[in-house]
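Student: One structure follows; several queries about it will come next.
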Amino acid sequence: MTAVPELDAQVIVAGAGPTGLMTAGELRLGGAEVTVLDRLAEPVSESRGLGFTARATEVFDQRGLLADFGNPEISTKGHFGGIELDYSVLPDGHFGVRNVEQTETEAVLTRWATGLGARILRSHEVIAVTQHDAFVEVEVSAPDGPRVLRCSYLVGADGGRSTVRRGVGIDFPGHDATCEMFLADVAGASIRPRFIGERVSGGMVMAARLSDDLDRVIVCERGTRPGERTAPPSFDEVAGAWQRLTGEDIGHGEARWISSFTDASRLADRYRLGRVLLAGDAAHIHLPAGGQGLSVGVQDAVNLGWKLAAVVTGRSGPELLDTYHEERHPVGERVLTNTRAQGFLYLGGTEVEPLRAVFGELLGNDDVARHLAGMVTGFDVRYDVAEGSHPLLGLRMPPCELLGADGTTTTTRLLHAGRGVLLDLADDPAVRRTAEGWASHVDVVTATSADERLASTDAVLLRPDGHVACASPDGGDLGEALGTWFGPGPAAHA
């Protein structure tokens, strides 16, 4: 066995995008030492993303971050593959936040993670990765030359072309791109808004107003084949495609930023290999339908961060990390399925019109609408945490108001610290006694609630990611759940 050298950090995270930054903050909440590496000298100044889904909104709120986004615009009106869908069919449901640029999201998460003690090293590009029995070596190109950093665990959050994923040999199977789409922020063109997109003869166009004089446009011209670009498309290409599809001339405008993307769809065959884990685009890429990319990456981070922190600080064994792949890989599969389906509906030619007509009829059925809204928001993600029939078991805990001895609070506010939370809703001394051995990891709150979703519920154990690990009655054994998710209990230390 290779001797363990002095470590530069317990955890290194490759990539300072939303997923990497969220992972770093979660690790710090759990007490782990973390260093984030990013190849760029400065944060990006352009934003591919313009918001996040309803579940990602809840995740940010669970950490007390939502207020840092200023005045986010939340709407119940959205779509599935360009077919209108009212997300208010779900309790607390909405399509997501629409007016927050990715640059702002990264700025908020950078302040949060560094405020918690995370270290970010810019102009540090990962070149190679070597795993050993007890640590990982990360070869880095840094401003002062090549260097090797060592850590207990490495998280690859370094995008779809992940060096970390390729460096450890994790396969990335899926579907190659069939089309290329242009994205541009155009000033001075006064483009008619088409927020959910508009199918036109020959393709699809989308436009959203960013400010009084600036519009975001996306254009997909059917029949164009994606190629390997070494530079962004020119504004002449964007304006030409827009005019061919809409008949509108935007060539007199000024492009502030231009990029391109495709409908390629790929999923890592494993999210963990030894001491290396993947999150965000490093683990899954897909058509950005419904703004799910950033949001799913953030949810990967909040599933992984507290587990990895518990392992590197010695509170739990490494087997806890197996649950990361077990829980998040099926979510990634489902996201790829729904985004590919949306791509067919959105970008197909006249041959998909019958399918769109049927979908339009089906979305008039509330059960169908709830199913698709739950899929896109992430509200329907249920983890296999225990056997039981309680309706909340494994699901995310919805925001509920609670009345306790210290006044009114909410389930969301109780998760700000990133710890486990045990809700004693029946003032049961036996519940509190069971949890005594986990007091350093789990906060016990005795309260009542008038929320119907907690009706006839005596106790609820929340993991730090907000998912229900145990619910009484008929939702698993409390002592077993505490041991599974928060490490050995009192008997193990007796």
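Values in this text are rule-based calculations from the coordinates and carry no lab data. Since we're looking at a predicted model, the values are computed, not measured. Cβ coordinates were reconstructed from backbone atoms using ideal geometry, including for glycine residues, and neighbour counts include every protein chain displayed.
Student: Out of all the residues in segment 267-276, is one or more surrounded by fewer than 19 Cβ atoms within 10 Å (Cβ to Cβ), touching a residue at least 12 places away in the same chain (Cβ under 8 Å), under 25 Å from GLU84 (Cα atoms) and out of contact with any helix residue (DSSP H, G or I) (no Cβ under 8 Å at 6 or more places or on another chain)?
Tutor: Checked segment 267-276: no residue is surrounded by fewer than 19 Cβ atoms within 10 Å (Cβ to Cβ), touching a residue at least 12 places away in the same chain (Cβ under 8 Å), under 25 Å from GLU84 (Cα atoms) and out of contact with any helix residue (DSSP H, G or I) (no Cβ under 8 Å at 6 or more places or on another chain).
Student: Output yes when any residue across segment 63-80 is under 23 Å from ASP451 (Cβ atoms) and in contact (Cβ under 8 Å) with a residue 60 or more places away in the chain, and no when none is.
Tutor: yes
Student: Related question: Scan segment 339-365 residue by residue and report those that are of a type in the set (S, T, N, Q) and in contact with a Phe, Trp or Tyr (Cβ under 8 Å, 6 or more places away or on another chain).
Tutor: GLN342
Student: Name the strands (runs of 3 or more DSSP E) wholly within segment 108-214 that hold at least 1 residues that are of a type in the set (Phe, Trp, Tyr)?
Tutor: 145-156, 180-187, 194-200
Student: Still on this model: Are any residues in segment 224-236 out of contact with any Ser or Thr (no Cβ under 9 Å at 6 or more places or on another chain) and touching a residue at least 24 places away in the same chain (Cβ under 8 Å), and if so, which ones?
Tutor: Once the filter is applied, which keeps residues that are out of contact with any Ser or Thr (no Cβ under 9 Å at 6 or more places or on another chain) and touching a residue at least 24 places away in the same chain (Cβ under 8 Å), segment 224-236 yields THR224, GLY227, SER234, PHE235.
Student: Please give the number of the condition VAL358 fails out of (1) crowded, with 17+ Cβ neighbours inside 10 Å; (2) β-branched (Val, Ile, Thr); (3) part of a helix (DSSP H, G or I).
Tutor: The single condition VAL358 does not satisfy is (1).
Student: Tell me the residue from ALA32, ALA24, ALA67 that is crowded, with 18+ Cβ neighbours inside 10 Å and out of contact with any Lys or Arg (no Cβ under 9 Å at 6 or more places or on another chain), please.
Tutor: ALA32
Student: Return the residue satisfying two criteria in turn: it lies in segment 192-239 and is touching a Leu at 6+ places or on another chain (Cβ under 8 Å) and of a type in the set (D, E, K, R), and of such residues it is farthest from VAL100 (Cα to Cα).
Tutor: ARG222
Student: Still on this structure, please answer the following. Which residue is nearest to ARG382 (Cα to Cα), if the candidates are limited to segment 316-340 and must be in contact with a Pro (Cβ under 9 Å, 6 or more places away or on another chain) and crowded, with 18+ Cβ neighbours inside 10 Å?
Tutor: Residues of segment 316-340 that are in contact with a Pro (Cβ under 9 Å, 6 or more places away or on another chain), as a first pass: 316-317, 339.
Okay, now just the ones that are also crowded, with 18+ Cβ neighbours inside 10 Å, so 316, 339.
Details: SER316: 23, THR339: 19 Å.
Among them, the one singled out is THR339.
Student: Could you tell me whether THR163 is more than 18 Å from LEU304 (Cβ to Cβ), surrounded by 20 or more Cβ atoms within 10 Å (Cβ to Cβ) and touching a residue at least 12 places away in the same chain (Cβ under 8 Å)?
Tutor: Considered against the rule, which asks whether it is more than 18 Å from LEU304 (Cβ to Cβ), surrounded by 20 or more Cβ atoms within 10 Å (Cβ to Cβ) and touching a residue at least 12 places away in the same chain (Cβ under 8 Å), THR163 comes out as yes.
Student: Please determine, by comparing only the residues of segment 35-64 that are in contact with a helix residue (DSSP H, G or I) (Cβ under 9 Å, 6 or more places away or on another chain), in a loop (DSSP other than H, G, I, E, B) and of a type in the set (A, V, I, L, M), which one is surrounded by the most Cβ atoms within 10 Å (Cβ to Cβ).
Tutor: The extreme case among them is LEU50.
Student: Being part of a helix (DSSP H, G or I) and closer than 21 Å to GLY30 by Cα is the filter here, so list the residues in segment 482-491 that pass it.
Tutor: LEU482, GLY483, THR484, TRP485, PHE486, PRO490, listed by residue number.
Student: Kindly provide the set of residues from segment 400-429 that are surrounded by 13 or more Cβ atoms within 10 Å (Cβ to Cβ) and over 28 Å from the mean Cα position of the chain (by Cα), ordered by number.
Tutor: Hits for segment 400-429 are GLY404, ASP424, LEU425, ALA426, ASP428.
Student: Go through ARG270, ARG225 for me and flag whichever is under 30 Å from VAL136 (Cα atoms) and either among the hydroxyl-bearing types (Ser, Thr, Tyr) or out of contact with any Gly (no Cβ under 7 Å at 6 or more places or on another chain) (or both).
Tutor: ARG270
Student: Taking only segment 84-107 into account, find how many residues are part of a strand (DSSP E or B) and surrounded by fewer than 19 Cβ atoms within 10 Å (Cβ to Cβ).
Tutor: 2
Student: Sticking with this one: Out of segment 336-388, which residues are under 17 Å from MET204 (Cα atoms), of a type outside the set (D, E, K, R) and touching a residue at least 60 places away in the same chain (Cβ under 8 Å)?
Tutor: Those that are under 17 Å from MET204 (Cα atoms), of a type outside the set (D, E, K, R) and touching a residue at least 60 places away in the same chain (Cβ under 8 Å): THR339, ALA341, GLN342, GLY343, PHE344, LEU345, TYR346, LEU347, GLY349.
Student: Do we have ALA255 as small (Gly, Ala, Ser), at negative phi and not in a loop (DSSP other than H, G, I, E, B) here?
Tutor: It is true that ALA255 is small (Gly, Ala, Ser), at negative phi and not in a loop (DSSP other than H, G, I, E, B).
Student: How many of the residues in segment 288-316 are outside any helix (DSSP H, G or I) and free of Cβ contacts under 8 Å to residues at least 60 places away in the same chain?
Tutor: Number satisfying all stated conditions: 1.
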